[in-house]
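Visitor: Take this structure, written in structure tokens, and hold onto it; I'll ask about it next.
The values are calculated or read from the model by the stated rules, or taken from the named source; none is laboratory data. Since the structure is predicted, the reported quantities are computational estimates derived from the model, not experimental observations. Note that we place each Cβ from the backbone using ideal geometry, even for glycine, and neighbour counts take in every protein chain shown. For the accessible areas, the whole protein counts, side chains as well, though only heavy atoms, and no ligand, DNA or RNA atoms are used. Shrake-Rupley method; radii C 1.70, N 1.55, O 1.52, S 1.80 Å.
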Amino acid sequence: MSEAEGLPVLPHVAGEFYAWLWWASETRGAHFELGEPVGAVELWVDERLAFRNPDDTKVTAVMTGDNPAATLEAKAALAGGKVLQELRLGMRRDDREFLVTLKGPSMHLQSLKLPQVVDDGDEEILFERIHLYDEVVFVLGGLFAQFAAVRTSDEWAQDVLPGLHDWVLGLDE
């Protein structure tokens with residue numbers, strides 16, 4: 001939501017969500033069990049990470065290419081206090097694979113790649129693509145709901161923050 005819609009955007013929430021997705025996807029082996037009705041999802045950081053300084057909205061560092069999440073520079077950016085501004089995710093649900101970039105404090109969907117749709121006519125293709133788009137939004141909603149439940153629980157301070165800290169510094173290996 002935006003301030004124009006009546007609710008303020010809380011910029012730190014998106015950065016925390018992006019970092020949690022990255023950390024959880026690596027520590028869970030890409031597997032997320034989101035419960036009913038979403039179910040199981042595989043999730044990984046794909047070919048783009050963009051960082052900003054905490055007191056600015058402009059991107060200051062971008063890592064792209066094959067698996068930028070595995071580079072020392074990416075974790076060094078987090079360790080140095082930078083905040084994730086953009087995150088490209090790969091997502092697999094059942095036999096469908098999606099690529100999506102989440103951007104900014106409002107978590108805008110950008111550069112969405114949907115699975116190939118079988119050509120059964122123009123109208124059928126349109127409805128199938130709408131259904132696939134809705135599926136991505138549905139899964140992202142399930143991921144955010146899981147993040148919000150953890151973020152507002154005692155688990156955040158007791159387990160997640162220390163786990164994230166150790167992961168960023170490479171102490172969990």
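Visitor: Do we have any residue at all in region 21-32 that's part of a strand (DSSP E or B) and under 18 Å from G170 (Cα atoms)?
Guide: Within region 21-32, not a single residue is part of a strand (DSSP E or B) and under 18 Å from G170 (Cα atoms).
Visitor: Here's something else I'd like to know. Could you run through region 103-122 and say how many residues are at positive phi and open to solvent by 100 Å² or more (accessible area, probe 1.4 Å)?
Guide: 0
Visitor: Follow-up. State all residues of region 123-173 that are under 19 Å from A69 (Cβ atoms), open to solvent by 80 Å² or more (accessible area, probe 1.4 Å) and either modelled with pLDDT of 90 or more or assigned to a loop (DSSP other than H, G, I, E, B) (or both); if no residue qualifies, say none.
Guide: H165, L171, E173 - these are the residues of region 123-173 that are under 19 Å from A69 (Cβ atoms), open to solvent by 80 Å² or more (accessible area, probe 1.4 Å) and either modelled with pLDDT of 90 or more or assigned to a loop (DSSP other than H, G, I, E, B) (or both).
Visitor: Go through (1) in a helix (DSSP H, G or I); (2) touching a residue at least 12 places away in the same chain (Cβ under 8 Å); (3) farther than 30 Å from E73 by Cβ for V117 and report which single condition fails.
Guide: Single failed check for V117: (1).
Visitor: Here's something else I'd like to know. Among the residues of region 63-102, count how many are open to solvent by less than 70 Å² (accessible area, probe 1.4 Å) and either of a type in the set (A, V, I, L, M) or assigned to a strand (DSSP E or B) (or both).
Guide: The total comes to 23.
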